[in-house]
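The values are calculated or read from the model by the stated rules, or taken from the named source; none is laboratory data. Just so you know, these numbers come straight off a predicted model, no measurement behind them. A quick note on method: Cβ atoms are made from the backbone with ideal geometry, for glycine too, and the neighbour counts reach across all protein chains shown. When the accessible area is computed, the model is the full protein with side chains, heavy atoms only, and any ligands, DNA or RNA have been set aside. Shrake-Rupley method; radii C 1.70, N 1.55, O 1.52, S 1.80 Å.
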Amino acid sequence: VAKDSGKRAYRVFSPDMDKRVADYVWLNTNLRKGLEEKELVLHYQPRLCTRTSAVVGAEALLRWNSPERGQIAPAEFIPYAEESGLIAPLGRWVMDNAAEQAARWQAQGLDLRIAVNVSPRQLVDTAITAHFEEALRKARLARCTLDIELTESCLIENEAAAISLIKEFRKLGAEVHLDDFGSGYSSLSQLARIPFDAIKLDRSFITAIDVNPRSQVVVRSMVAVAQELNVEVLAEGVETPAEEDFLKAAGVDCVQGYLYGKPMPAAEFEAWLAGRRRLRLIA
Ligand code: C2E
Ligand code: MG
Ligand code: MG
Ligand code: MG
């Protein structure tokens, strides 16, 4: 279109759009290659139980170490992967790798659950639960210690189909968590209809919650509803002790955030965990 209408139309491209087009072209040639050439890696961010302060699990977060551009955050390539369809093989890779890591941690006697992010486009493929089952089997897991994080946008398009996939994941031993809860389109009514094991409060509520009375009211209400429904409450993006204090007092079950640890490669996560355990022995 821009080409046909000549100079005038060309002006509608902002430098920003130029960059996006250039990124798209670059991703188009490089992301598939990156996946094949093992440039992708999962990092693990610890999740703690507020009651015991024990590390109970980790969220697997995708990183891309591009030889050309360095480390690339998921926000920069997941949307492209969703648009291009590459999210299907990418998502399978994530499940396979998380399952292998779960098996290694089980073998080390570590009692950790691993949460895997699944994006809306992945749920379109109903074979996803079959692949999940296969990932568990291939990794020879004694029991399923993987959980699934879904965002609410997963549920809008075809709620009935999403519910049946959620039930299948749960039958396979995964807990299903509603990610970024309270942001976007999530509604409390979804919680009533859809069998989640936990909600994960969005970071936008957590940031400075200790000094934000309005967010406090909202979070307390969400916790109350979740408790009535027997759904656990997790909080992401906890950065300060004051935020943690509020969340504990409000009845949040698990916390995750830079206050405890950033997402780390598996080996670094293990060292971090070992260091923590040593400190607690001394204390
Ligand atoms: P998410 O699932 O909501 O993940 C939480 C994001 O918050 C992560 O960003 C994490 O690094 C960041 N975070 C954690 N604690 C803190 C904190 O205390 N402060 C701040 N400022 N940020 C914190 P990340 O790793 O860049 O991931 C962004 C999003 O990309 C994720 O949001 C998730 O939606 C998506 N994503 C990541 N890995 C995967 C994957 O394997 N598959 C799919 N489909 N999506 C993924
Ligand atoms: Mg998540
Ligand atoms: Mg989240
Ligand atoms: Mg988030």
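Let's see how each residue does on (1) in a helix (DSSP H, G or I); (2) over 13 Å from ILE206 (Cα atoms); (3) within 16 Å of ligand 2 (Cβ to nearest atom); (4) out of contact with any Ser or Thr (no Cβ under 8 Å at 6 or more places or on another chain):
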{"site": "MET222", "(1), (2), (3), (4)": "yes, no, no, yes"}
{"site": "VAL225", "(1), (2), (3), (4)": "yes, yes, no, yes"}
{"site": "ASN230", "(1), (2), (3), (4)": "no, yes, no, yes"}
{"site": "LEU234", "(1), (2), (3), (4)": "no, no, yes, yes"}
{"site": "GLU239", "(1), (2), (3), (4)": "no, no, no, no"}
{"site": "ALA249", "(1), (2), (3), (4)": "yes, yes, no, yes"}
{"site": "ALA274", "(1), (2), (3), (4)": "yes, yes, no, yes"}
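Screening the candidates ARG140, ARG203, ARG193 for the property of being of a type in the set (Lys, Arg) and within 13 Å of ligand 3 (Cβ to nearest atom) yields one hit, ARG203. Is it true that ARG277 is open to solvent by 60 Å² or more (accessible area, probe 1.4 Å), away from ligand 1 (no atom under 16 Å from the Cβ) and either under 28 Å from TRP64 (Cα atoms) or touching a helix residue (DSSP H, G or I) at 6+ places or on another chain (Cβ under 7 Å) (or both)? Spelling it out, it is not the case that ARG277 is open to solvent by 60 Å² or more (accessible area, probe 1.4 Å), away from ligand 1 (no atom under 16 Å from the Cβ) and either under 28 Å from TRP64 (Cα atoms) or touching a helix residue (DSSP H, G or I) at 6+ places or on another chain (Cβ under 7 Å) (or both). Here are some residues: LEU136, LEU155, LEU90. Which one is touching a helix residue (DSSP H, G or I) at 6+ places or on another chain (Cβ under 9 Å), assigned to a helix (DSSP H, G or I) and at pLDDT below 95? Criteria check complete, one pass: LEU155.
Annotation note: of THR151, THR126, the sole residue that is within 16 Å of ligand 3 (Cβ to nearest atom), open to solvent by 20 Å² or more (accessible area, probe 1.4 Å) and touching a residue at least 24 places away in the same chain (Cβ under 8 Å) is THR151. Taking region 116-132 on its own, how many of its residues are assigned to a helix (DSSP H, G or I) and either more than 23 Å from ALA81 (Cα to Cα) or touching a helix residue (DSSP H, G or I) at 6+ places or on another chain (Cβ under 8 Å) (or both)? Final tally of qualifying residues: 8.
Can you give me the number of residues within region 48-69 that are away from ligand 4 (no atom under 15 Å from the Cβ), part of a strand (DSSP E or B) and open to solvent by 30 Å² or more (accessible area, probe 1.4 Å)? Matching residues across region 48-69 total 3. Summed over region 94-123, the residues that are modelled with pLDDT of 95 or more, within 12 Å of ligand 1 (Cβ to nearest atom) and open to solvent by less than 20 Å² (accessible area, probe 1.4 Å) give a count of 7. Restricting SER164, SER204 to those that are in a helix (DSSP H, G or I), open to solvent by 10 Å² or more (accessible area, probe 1.4 Å), away from ligand 4 (no atom under 16 Å from the Cβ) and not aliphatic (A, V, I, L, M) reduces the list to SER164. Which residue is farthest from GLY91 (Cα to Cα), if the candidates are limited to region 12-39 and must be among the basic types (Lys, Arg) and in a helix (DSSP H, G or I)? Ranking the candidates gives LYS19 first. Within region 189-198, identify whether any single residue is under 24 Å from ALA224 (Cα atoms), open to solvent by less than 50 Å² (accessible area, probe 1.4 Å), in contact with a Leu (Cβ under 7 Å, 6 or more places away or on another chain) and within 14 Å of ligand 2 (Cβ to nearest atom), and answer yes or no. Checked against the condition, which is being under 24 Å from ALA224 (Cα atoms), open to solvent by less than 50 Å² (accessible area, probe 1.4 Å), in contact with a Leu (Cβ under 7 Å, 6 or more places away or on another chain) and within 14 Å of ligand 2 (Cβ to nearest atom), region 189-198 yields at least one hit. In region 134-148, of all residues being crowded, with 17+ Cβ neighbours inside 10 Å and of a type outside the set (Gly, Ala, Ser), the one that is farthest from the chain's Cα centre (by Cα) corresponds to LEU141. Against the definition (within 16 Å of ligand 3 (Cβ to nearest atom), touching a residue at least 60 places away in the same chain (Cβ under 8 Å) and not acidic (Asp, Glu)), how does PRO46 come out, yes or no? Yes, satisfied.
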